[in-house]
Amino acid sequence: VQETTILVNDLIYPIFVTYENKSSEIKSMPGIFRYNIEEALDLSQKAKELGINAVALFPEVPKELKDERGSEALKVNNIICRLVEKIKINSPSLGVICDVALDPYTTSGHDGLVENGKIINDKTLDLLCEQALINSQAGCDIVAPSDMMDGRIKKIRNFLDQNNKQETLIMSYAVKYSSSMYAPFREAISASSNLGEDKKKSYQMDFCNINEALKEASMDIKEGADILLVKPGIMYLDVLKEVKKTFKHPTFSYQVSGEYFMLKKAILSGIFNEEDILLETSSCFKRAGADAIITYFALDIAKILKKGI
Ligand code: PBG
């Protein structure tokens with residue numbers, strides 16, 4: 001009578017890669033590192049061996065390579081492109097997802113261009129298109145715009161198609177709330193902690209809204225999104241369920257860095273049993289309708305599943 005079964009191929013593993021030679025542990029994410037490129041590659045191989053089908057890549061960019069326009073994001077030999085190429089040589093069948101947004105690369109820490117304290121939506125779109133294209137040309141299977149600018153899915157789809165990349169999928173962060181839960185991630189990628197007045201609230205969603213989530217999702221489907229993402233995860237399962245039920249479109253959920261932090265701290269302090277809590281949270285995502293779950297616990301869950309429940 002069990003209605004939901006979590007499987008290893010429901011999981012997507014996010015990996016942080018750094019330009020530094022040495023990997024370093026992320027303080028607010030115990031057990032998770034910014035990996036140097038070779039270790040990031042090894043880790044993707046490990047994920048593959050455990051039966052995980054896809055990894056999502058995020059860069060930590062050194063200060064000297066950041067600028068106002070996030071120029072490093074558009075360099076064909078940036079760390080993400082180099083890592084994608086290596087992963088694809090090593091494990092061609094492992095799905096690779098690249099984030100499309102400027103925040104790891106901008107001095108402002110914002111996902112888009114900033115002028116006079118305001119995020120400039122339309123000028124940002126051209127840069128996102130270029131970023132998506134170089135990631136796709138490096139070999140990634142899915143580009144994932146997490147920037148929340150309006151109209152970017154249609155523009156990126158057209159741009160990829162014009163450049164012979166019809167087969168690259170788009171996973172849209174269609175429903176991404178402005179959330180305190182991203183704080184450890186921002187530390188992980190050394191993004192600016194000074195976002196100014198905007199705090200991403202002009203482009204990320206208000207956590208009080210759910211009708212708006214349906215509107216965002218429907219626009220992105222019309223614009224050509226192959227997959228929708230709802231984010232954060234555990235506190236937003238009502239939104240996930242509503243989006244999945246309404247559109248019956250592939251819908252993924254992201255158990256974000258703040259959720260990782262809360263659970264990991266409770267596990268480390270012996271309050272939660274690791275195996276029990278990880279099976280419970282991942283099963284709840286699936287019960288709510290997630291077709292896949294992006295989680296920093298992916299390797300741990302895969303190991304538990306391999307051992308047999
Ligand atoms: C930004 C981006 C963020 C995350 C993924 N992509 C942070 C933000 O919007 O500030 C957060 C993921 C996490 O917290 O695990 N493009």
Size of charge dipole - the stretch 43-135 - debye, nearest 20, with Cβ of Lys, Arg +1 and Asp, Glu -1, no other charges: 400
Set K75/K286; K154/K248; K86/K307 screened for pairs whose C-alpha atoms are more than 27 Å apart: K75/K286; K86/K307
Accessible area (Å², 1.4 Å probe, nearest 10) - V239: 10
MRE, 222 nm, helices only [DSSP H, n ≥ 4, -39500 (n - 2.57), over the chain, to nearest 500]: -12000 deg cm²/dmol
Selected from S180, S91, S136 as most flexible by GNM, with the chain as the system and alpha-carbon contacts under 10 Å: S180
Nearest-10 value in Å² for the accessible area of K46, using the 1.4 Å probe: 90
Part-to-part distance (alpha-carbon centres) for the stretch 202-271 and the stretch 135-183, which is given in Å: 16
Residues of the stretch 166-297: accessible area per residue with a 1.4 Å probe, Å²: 44
Candidate residues M262, M149: accessible-area rank, largest first, probe 1.4 Å: M262, M149
Once the Cα gyration tensor of the stretch 32-174 is diagonalised, semi-axes √(5λ) in Å: 25, 18, 12
Antiparallel DSSP beta bridges within the chain, percent to nearest 5: 10
The stretch 12-60: relative contact order as a whole-number percent, Cα under 8 Å and 6+ apart: 52
Percentage relative contact order, the stretch 191-309, counting C-alpha pairs under 8 Å, at least six apart: 24
Convex hull of Cα atoms in the stretch 251-309, direction-averaged projection (nm²): 4.0
Modelled FRET efficiency - R0 51 Å, V76 with K306, Cβ distances, 0.05 increments: 0.85
With DNA, RNA and ligands ignored, accessible area of R152 (1.4 Å probe; Å², nearest 10): 10
The chain: equivalent-ellipsoid semi-axes (sqrt of 5 x gyration tensor eigenvalues, Cα, Å): 27, 23, 20
Whichever aspartates and glutamates have a C-alpha closer than 18 Å to that of K215, once near sequence neighbours (fewer than 8 apart) are set aside: D147, D150, D206, E223, D226, D238, E242
Percent RCO, i.e. relative contact order, over the chain, from Cα pairs under 8 Å lying at least 6 residues apart: 20
Across the chain: Cys residues that no other cysteine approaches within a C-beta distance under 4.7 Å: C81, C129, C208, C284
GluC sites (Glu not before Pro) lying in DSSP loop within the stretch 139-238, provided at most 14 other Cβ fall within 10 Å: E167, E197
Aspartates and glutamates whose Cα lies under 16 Å from that of K66, excluding same-chain neighbours fewer than 8 positions away: E20, D103, D111, E187
Kirkwood-Stokes translational diffusion coefficient of the stretch 1-93, alpha-carbon pairs, 25 °C, 0.890 mPa s, µm²/s: 168
Radius of gyration, Dmax [the stretch 152-244; alpha carbons; angstrom]: 14.9, 40
Calculated FRET efficiency for the pair D291/S24, C-beta based, R₀ 30 Å, to 0.05: 0.35
Percent accessible area from carbon and sulfur atoms, the chain, protein chains only, probe 1.4 Å: 50
Debye equation applied to the C-alpha atoms of the stretch 133-186, log10 I(q)/I(0) at 0.21, 0.29 Å⁻¹: -0.79, -1.16
Computed magnitude of the charge dipole of the chain (debye, nearest 20; Cβ of K, R +1, Cβ of D, E -1): 280
Residue (of S193, N77, A225) at the positive-pole extreme of the chain, dipole from beta-carbon charges: A225
Computed FRET value (nearest 0.05) for E64 with S269, which takes r as the C-beta separation and R₀ as 41 Å: 0.60
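The values are calculated or read from the model by the stated rules, or taken from the named source; none is laboratory data. Just so you know, these numbers come straight off a predicted model, no measurement behind them. Note: ideal-geometry Cβ built from the backbone for every residue, glycine included; neighbour counts use all protein chains shown. Side chains included, ligands, DNA and RNA excluded: accessible areas come from the protein's heavy atoms. Shrake-Rupley method; radii C 1.70, N 1.55, O 1.52, S 1.80 Å.
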